[in-house]
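Reviewing the structure listed below.
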Amino acid sequence: MKNVFKNLMIYGAVASMAFLYSCGGDEETPAPAVPTIAVATTVNGTAATSPLNVVPGDEVVFNVSINAEGGFNVYRVYASKDGGTATKLAEYTRLDLSVDAGVAVVTDSRATEIEAEDVGSTITYEFEVVDDKDQTSTTEIEVVVNSPEARIYASKKLLAPSGDFTNENFFSVSTGELYSKSEVNSTTEAISPLIDFGYYYGNSENASIASPKGFESTVFASQVEGWNTKNATVLKTTTLTASQFNEVSTYADIDAAFEAGTLDANGVITGLTEGTVLAFETVDGVKGLILVSEIEPGFESNDYIELDILAQLEAN
């Protein structure tokens, strides 16, 4: 029994050595490299790097480049605002991108338009790639959404209304041009829908700004007779000073001043003095501010009011 047991032990030892030798001779296949994902960005067609500074209406394009030695499987896009919880925006599989199994190099391009509701926020876009070995990699792009710069119309001189209706005492925010009643009524062009407010000087009201609709309630109602459209521009008084007006530059600044203003329900604001700042909103929803920079009081054809005007239009 002892010899049999000894022989079994020898055979077992030899077999173990053979097994160990056999295992030691196998070479393990190394795992594929972790996938990589890179994102190049453009804003309105111009290359830009993170963090991107944008305004509402800008188009941001994300050009995605993926290298997945283990075979591309899927990539996902997440977004978070101001460090909050990330939300998955999209997921793109091989089927979505028409990519065959095992393919390593993949490119894609996606676009998004910046919205006004995101002004003042930083949006972080996270791009995640997963290969066929379930290995992942991510990269991030930060987008800082700013309030756009407002358009300024400097030193616009509106003359006092004249009896022959040729003095240019009306202003259009959209065109930035001055108009007279005569210019409006003597053409077949639709000019009256463009006009947002005008100037007159009254016996008791003194220097005054009124919407075309507001003119109907004044002694200068004839200034808008025959107009097919008389815009009811919203007018407000504000507590802003001239120096504070000069500090305003963005849509957000204008919004704040407009909301804090006091509404005149008739669309007429009288008794203006130099340094007064008004707020307005056109029927098209364009908000803005008016600074009275100079007044030459009176009813004569060369009397006037000079205004600096800010409007929520693309900066010039």
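With 5 Å bins beginning at zero, the pair-distance distribution over Cα atoms of segment 221-272 amounts to 4, 16, 20, 21, 16, 10, 10, 3 %.
ARG110 contributes about 80 Å² of solvent-accessible surface, heavy atoms of the protein only, 1.4 Å probe.
Counted residue by residue at 0.36 nm each, then reduced by the alpha carbon distance between them, the extension gain from SER65 to ALA38 reaches 9.2 nm.
Applying 1/(1 + (r/R0)^6) with R0 = 45 Å to the Cβ-Cβ distance of GLU142 and THR239 gives a FRET efficiency near 0.75.
Ellipticity at 222 nm from helices only: DSSP H runs of n ≥ 4 in the chain, each -39500 (n - 2.57), divided by the residue count, give -4500 deg cm²/dmol.
Across segment 155-169, rounded Karplus estimates of 3J(HN,Hα) from the backbone phi angles (6.51 cos²θ - 1.76 cosθ + 1.60, θ = phi - 60°) give 6, 8, 9, 9, 7, 5, x, 10, x, 8, 6, 9, 5, 7, 10 Hz, Gly and Pro being marked x. Full extension of the chain between SER186 and ASN228 gives 13.8 nm of extra length, using 0.36 nm per residue less the Cα-Cα distance.
Taking amide H as placed 1.01 Å from N in the peptide plane, THR276 has its amide H under 5 Å from the amide H of VAL292, each at least 5 places away in sequence or on another chain. Between VAL103 and THR29, the simple spin-label model (points 7 angstrom out along Cα→Cβ) gives 2.2 nm. The C-alpha radius of gyration of segment 240-316, expressed as a fraction of 2.2 N^0.38 Å, stands at 1.15. Across segment 100-113, computed HN-Hα scalar couplings (Karplus, 6.51 cos²θ - 1.76 cosθ + 1.60, θ = phi - 60°) run 6, 4, x, 5, 9, 9, 9, 10, 7, 9, 9, 10, 9, 9 Hz from first to last residue, x flagging Gly and Pro. Shape class for segment 39-173, computed from the alpha carbon gyration tensor (a ≥ b ≥ c): prolate, with a/c not under 1.5 and a/b above b/c. Diffusion coefficient (Stokes-Einstein, Kirkwood radius over C-alpha pairs, 20 °C, 1.002 mPa s) for segment 36-90: 162 µm²/s, rounded to a whole number. The alpha carbons of segment 99-215 stretch over 85, 33, 23 Å along the principal axes, in descending order. Stretching the chain fully between LYS157 and THR46 yields a gain of 36.1 nm (0.36 nm per residue, less the alpha carbon separation).
For the chain, the number of Lys pairs with C-alpha atoms closer than 18 Å, counting only pairs eight or more positions apart or on separate chains, is 10.
From the alpha carbon centroid of segment 266-288 to that of segment 115-169 is 24 Å.
Let me know the volume per residue of the alpha-carbon convex hull for the chain, in Å³.
206
Spread over its residues, the convex hull of the C-alpha atoms of segment 182-288 is 111 Å³ per residue.
Residues in segment 30-46 carry Karplus couplings, in order, of x, 5, x, 4, 4, x, 10, 9, 10, 10, 9, 10, 10, 10, 6, x, 10 Hz; the curve used is 6.51 cos²θ - 1.76 cosθ + 1.60 with θ = phi - 60°, and Gly or Pro positions show x.
The values are calculated or read from the model by the stated rules, or taken from the named source; none is laboratory data. Just so it is clear, the structure is predicted and the values come from calculations on it, not from any experiment. Methodologically, a virtual Cβ is constructed for each residue, glycine included, from the backbone with ideal geometry; neighbour enumeration extends over all protein chains shown. For the accessible areas, the whole protein counts, side chains as well, though only heavy atoms, and no ligand, DNA or RNA atoms are used. Shrake-Rupley method; radii C 1.70, N 1.55, O 1.52, S 1.80 Å.
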